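Written below as structure tokens is the structure these notes are about.
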Amino acid sequence: MLEIYNLTEEDLINYFISINEKPFRARQIISWIYRQKVKDFALMTDIKKEVRDKLNNDLRFSDLSLVTKNVSNDGTIKFLFKLNDDNLIETVLMSQEYGYSVCVTSQVGCNMGCAFCASGLKKKKRDLETFEMVLQILKVEELANIKVSHVVVMGIGEPFDNYLNVTNFLKIINHPLGLEIGQRHLTVSTCGLVPKIYEFAVFPLQVNLAISLHAPNDELRSSLMPINKKYPLNELFKALNYYYSKTNRRITIEYILINDVNDTIKEALELANLLKGLNAYVNLIPYNEVLENPFNRSKKEHQRLFYDTLKKKGINVTLRKEQGSDISAACGQLRSKFLDNGR
Ligand code: SAH
């Protein structure tokens, strides 16, 4: 049995060819399952009965089960879902001025081991399959009764450590006959897996790339993010320049502000220097505190000073307003709490 939400248009076409059916059936199916939200082949009335029976034998509609849901006072909703194998994942729905944005999980746990991150507290158990990411969107739309307009792959996991499943997911949710989430409304965030940045530079969809930078020099970055020992800043920036040369798309640089660790004027000036010449946009994010580690959120005046310093140096920068911190919406926190508090 194949998971139907795993299949891109190309996969569906190949499947239909393999059963001696016309390739255009792929587009019919996409429309049925993502537009009409039909989960039963019997209802697909423009497809012959014998083909529907065959589909029923070969393809399966899986589901996610909702374990719990937390609603923040700013409207952010965090969903905890259980997968078929009982693993737990988080998905966050944020309401923005421009629409509804969903933060998707890409792996069960994460192996990147960033010192400040709650996700890394639980080692990676496995990659998510494409259908498990697609279902996060479908379930959130169904449960909250909304249409998702933006997706960020910034939940638990390192998306570029699950590259094929994540890029197939992007193709599926972008499909014009399906969920039709615009390519420029899709963002993938990575801690900096350099070889995959080169690969992503030639990925056919115009998806946004965000880099979790968090430090402007190798010493500090390696102490916070082990991946920097493998791919130090000069290699990362070589890849980013290549990415820009291929795509012409501005790169988002994420920088969490941790009190007295990376939030002084010294780091702001270093960061401005590092970003010189790169078409980048810096998103400053006040750190969400995690019980299990010693880091604290940057003080308001540090945040302001850091922002002003970058601004004065001509860097495009925003200081992100926080959402959902009262419901542990920071990466991995809900799942982590849930696993620790016993199931
Ligand atoms: N692995 C990917 C995507 C998941 S993390 C990446 O590293 O980009 C999504 C973002 O949240 C990253 O920028 C990550 O560094 C940041 N993050 C992790 N823990 C955080 C915390 N406690 N507070 C604020 N941001 C956090």
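The values are calculated or read from the model by the stated rules, or taken from the named source; none is laboratory data. Given the structure is predicted, the values throughout are model-derived calculations rather than measurements. Reconstructed Cβ throughout: ideal geometry from the backbone, glycine too, with neighbour counts over all protein chains shown. Just so you know, the surface numbers come from the protein's heavy atoms only, side chains and all, with ligands and any DNA or RNA stripped out. Shrake-Rupley method; radii C 1.70, N 1.55, O 1.52, S 1.80 Å.
Side notes on the structure shown:
- Coupling constants for segment 35-41 follow from the phi torsions by the Karplus curve (6.51 cos²θ - 1.76 cosθ + 1.60, θ = phi - 60°), and in residue order they are 8, 7, 6, 7, 10, 9, 4 Hz; glycine and proline get x.
- Ala42 paired with Lys82, simple spin-label distance in nm, labels 7 Å along Cα-to-beta-carbon: 2.7
- Each of Thr130, Ile253, Val71 was scored by the projection of its Cα onto the charge dipole of segment 65-340, and the greatest displacement toward the positive side belongs to Ile253; charges sit on the C-beta of Lys, Arg, Asp and Glu.
- A simple rule links phi to the HN-Hα coupling: the Karplus curve 6.51 cos²θ - 1.76 cosθ + 1.60 with θ = phi - 60°, which for segment 276-288 gives 4, x, 9, 7, 10, 9, 9, 10, 8, 10, x, 4, 8 Hz, with x for Gly and Pro.
- For the residues Asp11, Asp46, Asp260, a GNM of the chain with alpha-carbon springs under 10 Å puts the largest fluctuation on Asp46.
- Using the Cβ-Cβ distance between Val71 and Ile146 with R0 = 22 Å, the FRET efficiency computed as 1/(1 + (r/R0)^6) comes to roughly 0.95.
- Inter-probe distance in nm under a simple model that places probes 7 Å from Cα toward Cβ, at Leu278 and Asp308: 2.6
- Applying the Kirkwood pairwise sum to the alpha-carbon positions of segment 188-307 produces a hydrodynamic radius of 14.9 angstrom.
- Cut-off 9 Å between beta-carbons: net charge of the residues surrounding Asn259, Lys and Arg +1, Asp and Glu -1: 0
- Global size of segment 209-262 as Cα Rg and Dmax, reported in angstrom: 11.9, 37
- Percent RCO, i.e. relative contact order, over the chain, from Cα pairs under 8 Å lying at least 6 residues apart: 15
- Protection-proxy order for peptides 71-82, 49-60, each taking the mean of Cβ atoms within 10 Å per residue, highest first: 71-82, 49-60
- Here segment 95-161 and segment 163-194 have alpha carbon centers that stand 12 Å from each other.
- Note: the chain, Cα convex hull, 135 Å³ per residue.
- Pairwise centroid distance, computed over Cα atoms, of segment 257-299 with segment 35-76, Å: 42
- Gained length - Glu199 relative to Glu301, 0.36 nm times residue gap less alpha-carbon distance: 32.7 nm
- Crossing angle, helix 233-247 versus the chain [Cα axis fit, 0-90 degrees, rounded to tens]: 50
- Were the residues from Leu269 through Arg126 laid out at 0.36 nm apart, the gain over their Cα-Cα distance would be 47.6 nm.
- Probe 1.4 Å, protein heavy atoms only - accessible area per residue of the chain in square angstrom: 44
- Rg over Rh [alpha-carbon atoms, Kirkwood Rh] for segment 120-258: 0.98
- Whole-percent carbon and sulfur share, accessible surface of segment 58-186, 1.4 Å: 48
- Segment 21-152: Rg to Rh, with Rh as the Kirkwood radius over Cα pairs: 1.04
- Rg/Rg_globular for segment 1-88, with Rg_globular taken as 2.2 N^0.38 Å and Rg from C-alpha atoms: 1.36
- Potential lengthening of the chain between Asn111 and Lys22 amounts to 27.8 nm, from the contour at 0.36 nm per residue minus the alpha-carbon distance.
- Sequence-separation-based contact order of segment 2-60, relative, with Cα cut under 8 Å and 6+ spacing, percent: 35
- Taking amide H atoms as placed 1.01 Å from N in the peptide plane, the amide H of Val67 lies under 5 Å from those of Leu80, Phe81, Lys82, each 5 or more residues away in sequence or on another chain.
- Highest average first, the peptides 286-292, 99-105, 163-169 ordered by how many other beta carbon atoms sit within 10 Å of their residues are 99-105, 163-169, 286-292.
- Residues listed by number, segment 231-256, amide nitrogen under 20 Å from Asp218 label point at 7 Å toward C-beta: 231-242
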